[in-house]
Amino acid sequence: MKLLVTELDRRLRGSPYQGYAYAYPHKTAYRPFAEPLPLSEVWRDEGREALFLYAHVPFCEFRCGFCNLFTQTNPQESLVERWLATLARQVEQTGQALGPASFARLAVGGGTPTQLELPQLARLFELLRSLGARPEQVPVSCEMSPDTVDPDKLALLREAGVDRASMGVQSFLEDEARAAGRPQRTARVEQAVEWIQAAGFPLVNLDLIYGLPGQTEESWLFSLARLVELGPSETFLYPLYVRPLTGLGKRDGADQDYVLGDPERDPRLRLYRLGREFLLERGYEQVSMRLFRQRGQDLPPGPAYSCQQDGMVGLGVGARSYTRALHYASEYAVGAKGVRSIIADWVERSDAELARADYGTRLDPEEQRRRFTIQSLLHSAGLDRVAYRARFGSDPEQDLPELTELEPRGLAAWQGEVLRLTPAGFERSDVLGPWLYSAAVNEQMAGYELT
Ligand code: SF4
């Protein structure tokens with residue numbers, strides 16, 4: 001049977017790297033609300049039995065050339081202290097707005113949480129506890145970087161209940177990391193991994209990037225081999241995206257030897273396939289296009305939590321919060337000037353300002369269905385029709401008829417009641433995610449002016 005050429009076919013003819021759908025809607029679809037909303041109202045009708053608590057530390061030692069996360073480099077000590085004091089006030093306001101709440105998952109990210117000094121890290125965990133979080137009873141993840149960890153900080157994190165240590169390595173070759181705007185010594189990276197392992201975190205995640213300037217198949221395999229020798233329980237393999245206002249983004253075009261997106265020369269798909277095969281042959285299984293986990297790896301026990309359904313409370317400037325129908329955050333920027341100015345404003349916020357949401361996006365029933373679908377489909381767990389029906393009272397193919405295009409194109413297959421991506425679908429995750437965005441979200445994203 002001849003298939004009609006659809007929007008999906010058009011997208012499949014383009015780059016496999018059209019957008020990373022790690023959260024939907026993307027934060028570039030956020031806008032100021034016409035009227036700020038009291039947090040007590042935002043959370044009033046939400047289930048609060050199994051929330052995700054996320055704390056964002058918006059500081060790093062340096063800005064990696066590929067990074068577009070919300071972070072300020074080398075902040076003055078007085079700014080970090082003011083940030084921590086504002087965080088304490090935000091925790092108090094959030095606690096009052098939430099009322100009784102239980103947290104099923106915790107994560108501390110950034111930025112680089114371990115950029116904080118030891119007493120500041122201890123204070124951060126005290127604040128999370130004061131909001132009702134019980135890190136010793138639920139899975140807790142913390143991000144870190146090679147140059148900012150030491151045995152004392154790691155011991156503190158372990159004692160505080162952190163069971164997943166996550167560190168970006170990006171490459172085990174110094175020249176390659178440097179060319180990507182991340183000056184690091186491999187000896188220090190390996191020392192940091194050794195300390196993390198000695199501290200006894202049950203789950204260790206190490207990230208690598210493919211598509212780096214100057215990276216070859218050989219150098220990619222070298223980093224993968226070193227990674228596997230170190231034996232992390234999980235690894236994220238990230239395709240490089242060169243984004244506006246990042247170090248590499250500003251340099252892009254100046255370096256004629258390095259062109260991503262050129263179908264003839266873009267190495268990412270080839271490197272992805274190599275990396276995937278390398279890890280599958282060495283005892284890892286694929287959880288998503290980026291995430292691979294050691295087969296048989298036990299995840300830390302904890303209460304049931306579903307990222308498609310349960311809410312998230314974000315703390316700190318740069319963190320996002322999700323209820324079913326509203327996502328909110330502080331404003332977002334990538335450039336140093338924009339980030340500095342947002343953080344400087346945030347630490348001056350009054351208690352009343354910290355007690356309301358003033359920037360974000362609303363999710364109508366259609367957007368809620370799309371979010372559930374995108375987050376389920378791009379994960380190995382797949383899109384479960386029964387869970388979808390229980391949540392929305394309808395079938396996914398009825399709400400999003402385009403889903404029926406996946407199976408005939410070999411990108412996904414129904415296994416009983418679950419629609420799962422095939423390997424061909426996984427490697428096109430960054431096409432399928434954006435393909436499922438609504439027209440309204442695409443329009444908002446296109447109209448966003450990045451600073
Ligand atoms: S990649 Fe990590 S360490 Fe580098 S600037 Fe971004 S948040 Fe900081």
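Where a number appears in this text, it was derived from the coordinates with a stated rule and is not lab data. Since this is a predicted model, take the numbers as computed values, not measurements. Don't worry about glycine lacking a Cβ; one is built from the backbone with ideal geometry, like all the others, and counts go over all protein chains shown.
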Place the peptides 75-81, 90-96 in order of packing, highest mean first, counting for every residue the other Cβ atoms within 10 Å and averaging per peptide.
90-96, 75-81
Among P135, Q90, A122 the positive-end extreme of the charge dipole of region 66-182 (Cβ point charges):
Q90
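Under 8 Å for C-alpha pairs, at least 6 residues apart: give me the relative contact order for the chain, rounded to a whole percent. Walk me through the numbers on the way to the answer.
On the way: 791 pairs, mean separation 104.0, N = 451.
Relative contact order comes out at 23 percent.
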Dividing the mean separation of Cα pairs under 8 Å (6+ apart) by the residue count of region 36-294 yields a relative contact order in percent of 17
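With +1 on each Lys and Arg Cβ and -1 on each Asp and Glu Cβ, and nothing else charged, work out how big the dipole of region 244-349 is about its Cα centre, in Debye to the nearest 20. Don't skip to the end; give the middle numbers.
On the way: 16 positive and 14 negative charges, 26 e Å.
The calculation lands at about 120 debye.
Per residue of the chain, what 222 nm ellipticity follows from adding -39500 (n - 2.57) for every DSSP H run with n ≥ 4, rounded to the nearest 500?
Numbers: 18 runs with 168 residues, N = 451.
It lands at -10500 deg cm²/dmol.
Using only Cα atoms, figure out Rg for region 1-91 and give it as a multiple of 2.2 N^0.38 Å.
Numbers: Rg = 20.6 Å, N = 91, 2.2 N^0.38 = 12.2 Å.
Taking N as the residue count of region 1-91, the ratio is 1.68.
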Karplus (6.51, -1.76, 1.60) ³J(HN,Hα), θ = phi - 60°, over region 324-330, in Hz, Gly and Pro reported as x:
4, 10, 9, 10, 9, 6, 7
Ordered by residue, what ³J(HN,Hα) values in Hz, to whole numbers, does region 313-321 give under the Karplus form 6.51 cos²θ - 1.76 cosθ + 1.60, where θ = phi - 60° and Gly and Pro are x?
9, x, 10, x, 5, x, 8, 9, 10
If you take the charge dipole of region 36-294 about its Cα centre, with +1 on Lys and Arg Cβ and -1 on Asp and Glu Cβ, which of V169, Y272, S78 is farthest toward its positive end?
S78
Are there DSSP H segments in the chain that both extend 27 Å or more along their axis (alpha-carbon positions) and score a mean Kyte-Doolittle hydropathy of at least -1.0? List them, or say none.
77-98
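Sort K250, K153, K27 so that the residue with the fewest other Cβ atoms within 10 Å of its own Cβ comes first and the one with the most comes last.
Details: K250 14, K153 21, K27 18.
Ascending number of Cβ neighbours within 10 Å: K250, K27, K153.
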Starting from region 388-420, pick out the GluC sites (Glu not before Pro) whose DSSP state is loop and whose Cβ has at most 14 other Cβ atoms within 10 Å.
E417
Hey, fewest Cβ within 10 Å first, where do E367, E174 land in order?
E174, E367
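If you take every DSSP beta bridge whose two residues both sit in the chain, what share of them, in percent to the nearest 5, is antiparallel? List each step's numbers first, then the result.
Working: 24 of 56 bridges.
Around 45 percent antiparallel, to the nearest 5.
Give me C60, C142 sorted ascending by neighbouring Cβ count inside 10 Å, so fewest comes first.
Details: C60 20, C142 31.
Ascending Cβ contact count within 10 Å gives the list C60, C142.
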So what J values fall out for region 171-178 if you push phi through Karplus, 6.51 cos²θ - 1.76 cosθ + 1.60 with θ = phi - 60°, rounded to Hz, Gly and Pro as x?
7, 8, 10, 4, 5, 5, 5, 4
How big is the dipole moment of the chain about its Cα centre under a simple scheme where the beta carbon of each Lys and Arg is +1, that of each Asp and Glu is -1, and everything else is neutral? Debye, nearest 20, please.
320
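Between the DSSP loop rule and a limit of at most 10 other Cβ atoms within 10 Å, which chymotrypsin sites (Phe, Trp or Tyr not before Pro) in region 29-63 are left?
Values: sites: Y30, F33, W43, F52, Y54, F59, F62; in loops: Y30, F62.
Listed in order of number, the matching sites amount to none.
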Let's see if you can work this out: charge +1 on each Lys and Arg Cβ, -1 on each Asp and Glu Cβ, no other charges. What is the dipole magnitude of region 36-294 about its Cα centre, in debye to the nearest 20?
400
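Take each of the peptides 350-356, 427-433, average the number of other beta-carbon atoms within 10 Å over its residues, and list them starting from the highest.
Working: 350-356: 14.6, 427-433: 22.1.
Highest to lowest by the protection proxy: 427-433, 350-356.
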Stokes-Einstein at 37 °C, 0.692 mPa s, Kirkwood radius from Cα pairs: D for the chain in µm² s⁻¹?
144
Disulfide-incompatible cysteines by the Cβ rule (no partner under 4.7 Å) in the chain
C60, C142, C307
Output for region 36-294 (equivalent-ellipsoid semi-axes, sqrt of 5λ from the C-alpha gyration tensor, Å, descending) is 34, 21, 19
